[in-house]
Amino acid sequence: MLPLRAVAEPSGPSRYLREGERIHIADRLREKATVRAIAAELGRSPSTVSREIRRNCHPDSGSYRPHAAQARADQRRPRPKPAKIARNLHLRDFIQAHLDRKWSPEQICQALRDAFPERPEMHVAHETVYQALYIQGRGELRRELAGALRTGRARRVPHRQAAVRRPRFIDSMIMISERPAEVEDRAVPGHWEGDLIIGKDGASAIGTLVERATRYAILLHLPNGRTAEQVRDALVETVRTLPTHLVRSLTWDQGAEMAAHGAFTVATGVPVYFCDPASPWQRGSNENTNGLLRQYFPKGTDLSVHTPEHLTAAAAELNGRPRKTLGWETPAERLHKLIAA
């Protein structure tokens, strides 16, 4: 039956299904249309349509009646609702007892399903338990039980959203998308990629620089740590030993060791470009070289024991290997040709 009062539906997209959409679902179900076809016509997810049919079909006949479905949905929607834990004292006592035993909310929810498999009113999601603990004024669970959680926090710590990320460094970064086009085709030498290889327990590191056109590698000695200032000083010292026309740019990831990139650029005149987060392929030459260097500096070892002479010898041996990508020339030979020219 049609509703007694015709209410104009608001225009624009809605999070919830509207009565007109429910009428469309009923019509198409009578025409034996599939759920996916109906969802595509409405611009909804197939799971939304499937859930709507399952929740709001007639309990006896199983037929889908749109106006009755709308009435059921309206009846369920009013907020606030009394929480499930507050309504069920048995459920609340079970959760409180297990929180006292230092169980996590997820362990408790699984125990409820195991202990009461045929009683859905005793089943809750672990997020429901967290909400009962963290949100003040509800009163479902004793406030002091929040101290039984492994974090020991009495309130939830919000997570930052990607859209409101704070700047990584004080000096603004120049992203790799702004890097000159000449860097991409490797035709112009002097563009370097850099990174760190990390030693045992993150306590030591070696800096690596790779020239994109020649694949020539240079290692930075960092015996006292890998802070931003220490990495900056090592980079400045190394860059000043190279011919000016062979140092045009540096590309790095967004590691904390490059927090002083602005000071490095001021000291050397070399711009630093930063890769996108979690995009190591944007420094492919450097990543490949770091893998080769693990033959000399295995993972899980203390890298601070290596002297500058050892680093120089390892880099010289690596630069003396012929490379297929260079027409079987070595990086050292290719770089010497550039210097001579």
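The values are calculated or read from the model by the stated rules, or taken from the named source; none is laboratory data. None of the values given here were measured: they were computed from a predicted structure. Don't worry about glycine lacking a Cβ; one is built from the backbone with ideal geometry, like all the others, and counts go over all protein chains shown.
Where helices (runs of 4 or more DSSP H) fall entirely within the stretch 250-341, none has at least 1 residues that are touching a strand residue (DSSP E or B) at 6+ places or on another chain (Cβ under 6 Å) and exposed (fewer than 11 other Cβ atoms within 10 Å of the Cβ). With the structure loaded, tell me whether VAL164 is of a type in the set (Val, Ile, Thr), under 30 Å from TYR273 (Cα atoms) and at pLDDT below 65 or whether it fails that test. Judged against the criteria, VAL164 is a match.
Name, by its number, the condition in (1) modelled with pLDDT under 90; (2) out of contact with any Phe, Trp or Tyr (no Cβ under 9 Å at 6 or more places or on another chain) that does not hold for CYS57. Among (1) modelled with pLDDT under 90; (2) out of contact with any Phe, Trp or Tyr (no Cβ under 9 Å at 6 or more places or on another chain), the lone unmet condition for CYS57 is (2). A count restricted to the stretch 190-209 and to residues that are within 14 Å of GLY225 (Cβ to Cβ) and polar (S, T, N, Q) stands at 1.
Considered as a group, the residues in the stretch 248-266 that are among the aliphatic types (A, V, I, L, M) and touching an Asp or Glu at 6+ places or on another chain (Cβ under 9 Å) include one that is farthest from SER172 (Cα to Cα), and that residue is LEU250. Pairs linking a residue in the stretch 43-54 that is assigned by TED's automatic domain parsing to the domain that holds ARG65 and surrounded by 15 or more Cβ atoms within 10 Å (Cβ to Cβ) to a residue that is assigned to a helix (DSSP H, G or I) and among the aromatic types (Phe, Trp, Tyr), with Cβ atoms under 8 Å and 6 or more positions apart or on different chains, do not occur. When restricted to residues that are touching a residue at least 60 places away in the same chain (Cβ under 8 Å), closer than 20 Å to LEU338 by Cβ and part of a helix (DSSP H, G or I), the stretch 173-188 contains 1.
Number of residues in the stretch 165-194 that are at positive phi and charged (D, E, K, R) equals 1.
Answer yes or no: is there a residue in the stretch 267-280 that is of a type outside the set (Gly, Ala, Ser) and touching an Asp or Glu at 6+ places or on another chain (Cβ under 6 Å). Checking the stretch 267-280: at least one residue is of a type outside the set (Gly, Ala, Ser) and touching an Asp or Glu at 6+ places or on another chain (Cβ under 6 Å).
Scanning the stretch 176-218 for residues that are out of contact with any strand residue (DSSP E or B) (no Cβ under 6 Å at 6 or more places or on another chain) and among the aliphatic types (A, V, I, L, M) yields a count of 5. Looking across the stretch 233-249 at every residue that is more than 22 Å from SER204 (Cβ to Cβ) and polar (S, T, N, Q), the one that is surrounded by the fewest Cβ atoms within 10 Å (Cβ to Cβ) is identified as THR241.
Would you be able to say whether some residue in the stretch 291-300 is of a type outside the set (A, V, I, L, M, F, W, C), modelled with pLDDT under 95 and touching a helix residue (DSSP H, G or I) at 6+ places or on another chain (Cβ under 7 Å)? Yes, because at least one residue in the stretch 291-300 is of a type outside the set (A, V, I, L, M, F, W, C), modelled with pLDDT under 95 and touching a helix residue (DSSP H, G or I) at 6+ places or on another chain (Cβ under 7 Å).
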